[in-house]
1. Quick one: would you say residue 98 is surrounded by 12 or more Cβ atoms within 10 Å (Cβ to Cβ), in contact with a Leu (Cβ under 6 Å, 6 or more places away or on another chain) and modelled with pLDDT under 90?
2. Output yes when any residue across region 126-148 is free of Cβ contacts under 8 Å to residues at least 40 places away in the same chain, among the aliphatic types (A, V, I, L, M) and within 30 Å of residue 31 (Cβ to Cβ), and no when none is.
3. If only one of 78, 91, 112, 85 is surrounded by 13 or more Cβ atoms within 10 Å (Cβ to Cβ), without any contact (Cβ under 8 Å) to a residue 40 or more places away in the chain, within 18 Å of residue 180 (Cβ to Cβ) and not polar (S, T, N, Q), which one is it?
Amino acid sequence: MMYLFFIPLLIGFVCNTASAFTAAFSKRWDQSRGSLITFILRNILGIPVWALGYILAVQTSSKLFFETALTSKVIGWLFIIAGGLIILIALISIRTQAGAPSVSDSLVRTGLYQRVRHPIHSGTILEFAGIFLLFPTHAVALACGLGIVWIMIQTKCEEHDLMQRLPEYREYMHQVPRFLPRLRIKNW
């Protein structure tokens, strides 16, 4: 009963990861159905269900890693806000391609996508870290750790799909880092 949050968390992660196969769905069932399947898997069965898993993890009574202090709460909220802003800005850049990708999409190289290939995933990782700082229990740590592993798997699956849908994506991968922008240190 204690780890009931695993069920929606894992179901949501599996559905969300399955949504990364737009090219395969479109090839099998045509472009509009492929896009619809991706939309349903990601936005109806994926994200809301794994988000429910996090809500349940936060509500699960389990041992604390540390007592929360004002510092951890402030940093936790800053991570959540920063992650949310990164996600929002990235979603504005790619518009409908985020919710309903299709084989006719074009590669976005503007905004945050000039600096990192997966800013939405970067923002989500920041939010997981923030959630843990606000609720530092074993259950939340487990959920956030699984979330980070899932992000890595999701990213690999999406990149495989993007290489099939967007021929120029392979070159983009060599030019732009995955999660963190390159730091350029200028000579003084």
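1. Spelling it out, residue 98 is indeed surrounded by 12 or more Cβ atoms within 10 Å (Cβ to Cβ), in contact with a Leu (Cβ under 6 Å, 6 or more places away or on another chain) and modelled with pLDDT under 90.
2. No; the residues of region 126-148 include none that is free of Cβ contacts under 8 Å to residues at least 40 places away in the same chain, among the aliphatic types (A, V, I, L, M) and within 30 Å of residue 31 (Cβ to Cβ).
3. 112
For (1) more than 15 Å from residue 131 (Cβ to Cβ); (2) not β-branched (Val, Ile, Thr), each residue gets a yes or a no:
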{"site": "2", "(1), (2)": "yes, yes"}
{"site": "11", "(1), (2)": "yes, no"}
{"site": "19", "(1), (2)": "yes, yes"}
{"site": "48", "(1), (2)": "yes, yes"}
{"site": "51", "(1), (2)": "no, yes"}
{"site": "56", "(1), (2)": "no, yes"}
{"site": "90", "(1), (2)": "yes, yes"}
{"site": "93", "(1), (2)": "yes, yes"}
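Quick grid of which residues meet (1) farther than 29 Å from residue 114 by Cβ; (2) out of contact with any helix residue (DSSP H, G or I) (no Cβ under 7 Å at 6 or more places or on another chain); (3) among the acidic types (Asp, Glu); (4) assigned to a loop (DSSP other than H, G, I, E, B):
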{"site": "2", "(1), (2), (3), (4)": "yes, yes, no, yes"}
{"site": "15", "(1), (2), (3), (4)": "yes, no, no, no"}
{"site": "27", "(1), (2), (3), (4)": "yes, yes, no, no"}
{"site": "41", "(1), (2), (3), (4)": "no, no, no, no"}
{"site": "48", "(1), (2), (3), (4)": "yes, yes, no, no"}
{"site": "74", "(1), (2), (3), (4)": "yes, yes, no, no"}
{"site": "79", "(1), (2), (3), (4)": "no, no, no, no"}
{"site": "84", "(1), (2), (3), (4)": "no, no, no, no"}
{"site": "88", "(1), (2), (3), (4)": "no, yes, no, no"}
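One line per residue, one yes/no per condition, for (1) small (Gly, Ala, Ser); (2) closer than 29 Å to residue 5 by Cβ:
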residue	(1), (2)
60	no, yes
76	yes, yes
90	yes, yes
108	no, no
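The values are calculated or read from the model by the stated rules, or taken from the named source; none is laboratory data. Everything quoted here is computed from the prediction, not taken from an experiment. Glycine gets a Cβ as well: all are built from the backbone with ideal geometry, and neighbour counts include every protein chain shown.
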